[in-house]
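Since the structure comes first, as C-alpha cells, the remarks are kept for the end.
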Amino acid sequence: VICTKNQMYSKHIGNRRFRLTITMNHERYRNANTRKDKTWLFQSIMQLIRNSNGDFVHYESGQWYKVGDHIARDMIFATFHQSLNKQKRLKRRSSSVTFSTEVKLLEYNRSFVSVAGETRKKRRLVM
C-alpha cells in the first residue's frame, strides 16, 4: 500500500486491494463503539496486508521506505472516513436526483402556454 495523497498511485494494485478491504470492513468499523475496538480493527487490517506479502510504504527522495504502524493506522483511519463520506454523498445525491427529477416533471407538465390561441410548450425537457 503506497501511503501518499498523490492520486497517481490510487490505481496501484495494492491500493485497490486496500480500498476493497476497507469497504468490506465498513460494518465492523460502524459497530466499533470504543477506541479499543477501532484499534483492534486497524491492527487486524494491518496484519492482513502484511501477512499477504504486502506492506505500507512511502516514496521520498527517490527511495521507497516502509512506514511505521502509526502512519499505517492514520492511513486506515483516513481511508475509512473518505470511503464512508463518499457513500453518504452518493446516498444524498441519489435521493436529490429523484427529488429533482420529480420537480422537473412537474415543471414540464406546467410548461404549456397559450400563444395566439394555440397551446405550445415553453421548452423541451431532456432527461
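Every read-out reported here was derived from the displayed coordinates using simple, explicitly stated rules and does not represent laboratory data. Not measured: the values here are computed from a predicted model. Please note: Cβ atoms are built from the backbone with ideal geometry, for glycine as well, and neighbour counts cover all protein chains shown.
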Checklist entry - What net charge do the residues around residue 50 carry, taking every other residue with its C-beta under 11 Å from that of residue 50, with Lys and Arg at +1 and Asp and Glu at -1? => result -1
Checklist outcome for this item: Cα gyration tensor of region 1-78 diagonalised, 5x eigenvalues square-rooted, in angstrom largest first, produces semi-axes 23, 13, 11
Item to check | Extension reserve of the residue 69-residue 82 stretch, reckoned as 0.36 nm per residue once the Cα distance is removed | outcome: 2.7 nm
Checklist entry - When the chain is fully extended, how far beyond the present Cα-Cα distance does residue 53 get from residue 26, taking 0.36 nm per residue of separation? => result 7.4 nm
Checklist entry - Based on the Cβ-Cβ distance from residue 9 to residue 90, what FRET efficiency comes out when R0 is 35 Å, to the nearest 0.05? => result 0.90
Checklist entry - Once you list every other residue whose beta carbon is under 15 Å from the beta carbon of residue 36, what net charge do they have if Lys and Arg are +1 and Asp and Glu are -1? => result +3
